[in-house]
1. When the stretch 48-61 is examined, which residues are found to be buried (at least 16 other Cβ atoms within 10 Å of the Cβ) and either modelled with pLDDT of 95 or more or aromatic (Phe, Trp, Tyr) (or both)?
2. Within the stretch 55-99, can you find the residues that are touching a Phe, Trp or Tyr at 6+ places or on another chain (Cβ under 7 Å) and part of a loop (DSSP other than H, G, I, E, B)?
3. Out of 32, 45, report the one residue that is in a strand (DSSP E or B), modelled with pLDDT of 90 or more, of a type outside the set (Asp, Glu) and surrounded by 16 or more Cβ atoms within 10 Å (Cβ to Cβ).
4. Check off (1) surrounded by fewer than 18 Cβ atoms within 10 Å (Cβ to Cβ); (2) more than 14 Å from residue 28 (Cα to Cα); (3) among the hydroxyl-bearing types (Ser, Thr, Tyr) for residue 85 and give me the number that stays unchecked.
5. Could you please find all residues in the stretch 100-125 being in a loop (DSSP other than H, G, I, E, B), at pLDDT 60 or above and either under 17 Å from the mean Cα position of the chain (by Cα) or charged (D, E, K, R) (or both)?
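The values are calculated or read from the model by the stated rules, or taken from the named source; none is laboratory data. In this text, all values refer to a predicted model and were calculated from it rather than measured experimentally. Here the Cβ positions follow ideal geometry from the backbone for every residue, glycine too, while neighbour counts run over all protein chains shown.
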Amino acid sequence: MPYLAGMDTHMADSTASFHLSARAAAQIKAIVEGQPAGSPQALRVAVLAGGCSGFQYRFELDGAQAEDDLVVERDGARVLVDPASLDLLAGSELDYSDALMGAHFTVRNPNAASACGCGTSFSVE
């Protein structure tokens, strides 16, 4: 199973990578610590078909780590990414924004050719 700690998340036999900002790590850790004992201890980041631009991001707490998941850890936070999603997230960074318009996770994805106005869906060329 691919396991990567810290900001350097390059897989051993792949150029695919996924990074976690310090702000995102702090927010994930706070969310997980606020959950009841026995709750999932990781945030799963996935890409699904759909959304107004073709693909959409999904974020959910998940305790069921698959054998082939990429595991990214930073500052006590864990993120899981499945191989199919990693293909579309290669080189991306998960960040957290707490702005006037609301607080949310955001993905800075260099593979996205365009995105919708809400920022939760994207398309690739």
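1. 55, 57, 59
2. Result: no residue meets the conditions.
3. Working: 32 fails: in a strand (DSSP E or B).
Within the list 32, 45, the selection yields 45.
4. (1)
5. 109, 110, 111, 112
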